[in-house]
Amino acid sequence: MNESIAISASNLTKKFDDFTAVNDVSFKIFEGEIVGILGPNGAGKTTTLRLLTGVYKLEEGEKIEIFNENLKDNQINCKIKFGIVPEISNAYSDFTVLENLEFSGKMYGLSKEEIKNRSKILLERFELLDKLNAKTKTLSKGLKQRANLCLALLHEPPILILDEPTSGLDPISVKIMRKQILEFRKAGKTILITTHDIKEAQTICDRILIMNKGKIIADANPDTLRRDFKSISTIIFKTEKELDSKLMNYPTLIKRSDGTFAISSENVLKDLSELYNSFTLKNQIQISDVKIQETSLEEVFIDLIKNDSTKKKGVKND
């Protein structure tokens, strides 16, 4: 990853009447990173993107820099560095896919030859050549989203901003989108994604910003989030016979509906040793089919949101 800063945002705030959608948010995104913004509905993800891309006007004290250029002072220079794919298609529905590309290319000042060559490459990449002359309104959601990516990439921007890019898409379109997003990073592009799909974020993102109620409550790579915010794993195992009441009182032990037993563990090696001593050596009960289940990013996300919301309500956690 390049250490050059592609996006720097300081003190972003956006209010709608009495509702604060984004509350004093600051972050940096480095060139070549894929950064995911996760959060529940109403967390401020899309509003943050709209501030970054100049859809919403910045107020006094707020600052956005795109490759060290101030967005307020250099709107055109900054905006041309973005390729934006909104959740809902922004292509002209009565235009064909090709007509949309030609129109977009002209808006960016590309020559006919550039539009033709780049369109062909993009349509091949997103498997849309057979839809070249189809009107956009006749396309499925997945095909529309692929067409949106072609439009966003036509002027070869260094930054891609994707708002829920795979939401509601068919599996084939999801696979194509993910593959291409990773290819873009290999080519050095910076990618910012909002998503509800935690598994998707864990798979493709270098770093994750978790938002709740307009603020960023976590900023780290997926592995660090799992390790630092909830380091508890689960040891799952079977026993050769039923456990007596004394062993059932073993710390954190629960019997699961499938007949296996589970123990929460912050130190797997230590707890496995203690299990063996307690069950096998002291009580002659053999344990088998031992599995270690690591904490998922989804569990971390749910805990962070829950704990943050509890704090904001003023409820004390024991």
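For the reader, a short list of remarks on this structure follows.
- Kirkwood's formula applied to the C-alpha pairs of the stretch 94-154 gives a hydrodynamic radius of 11.2 angstrom.
- Computed on the stretch 232-293, with alpha-carbon pairs under 8 angstrom and 6+ residues apart, the relative contact order is 52 percent.
- Dipole of the chain computed with +1 at Lys/Arg Cβ and -1 at Asp/Glu Cβ about the Cα centre; of 201, 29, 245, farthest Cα towards the positive end is 201.
- Whole-number D in µm² s⁻¹ for the stretch 51-195, Kirkwood Cα-pair radius fed into Stokes-Einstein, 20 °C, 1.002 mPa s: 135 µm²/s
- Measuring spread by the Cα atoms of the chain yields a radius of gyration and Dmax of 24.7, 81 Å.
- Degrees, to the nearest 10: 97-107 long Cα axis against longest axis of the chain: 70 degrees
- Among 126, 139, 109 - extreme Cα towards positive end, dipole of the stretch 94-154, charges at beta-carbon: 139
- Computed over the chain, the per-residue total of -39500 (n - 2.57) for DSSP H runs of n ≥ 4 gives a 222 nm mean residue ellipticity of -10000 deg cm²/dmol, rounded to 500.
- For the stretch 232-293, a simple Cβ point-charge model (Lys and Arg +1, Asp and Glu -1, everything else neutral) yields a dipole of about 40 debye relative to the Cα centre.
- By the beta-carbon count within 10 Å of each Cβ, the least crowded to most crowded order of 170, 73, fewest first, is 73, 170.
- Dipole magnitude for the stretch 32-99: computed about the Cα centre from +1 point charges on Lys and Arg Cβ and -1 point charges on Asp and Glu Cβ, it is near 80 debye.
- Ordered by the count of other Cβ atoms within 10 Å of each Cβ, fewest first, 197, 244 give 244, 197.
- The convex hull drawn around the Cα atoms of the stretch 232-293, when projected onto a plane and averaged over every direction, covers 3.9 nm².
- Taking the longest Cα principal axis of the chain as reference, the axis of helix 141-153 is set at about 60 degrees.
- Top of 305, 159, 34 by mean-square fluctuation, Gaussian network on the chain, Cα under 10 Å: 305
- Pairs from 57/186; 141/179; 199/306; 215/255; 79/199; 141/306 whose Cα-Cα separation, in the structure shown, is over 28 Å: 57/186; 215/255; 79/199; 141/306
- Sparse-neighbour loop sites [trypsin sites (Lys or Arg not before Pro); the stretch 227-298; at most 10 other C-beta within 10 Å; DSSP]: 241, 256, 282
- Degrees between helix 112-125 axis and first principal axis of the chain (Cα, 0 to 90, nearest 10): 20 degrees
Every number in this text was worked out from the coordinates using simple rules, so none of it is lab data. Just so it is clear, the model here is predicted, and its values are computed rather than measured. Cβ coordinates were reconstructed from backbone atoms using ideal geometry, including for glycine residues, and neighbour counts include every protein chain displayed.
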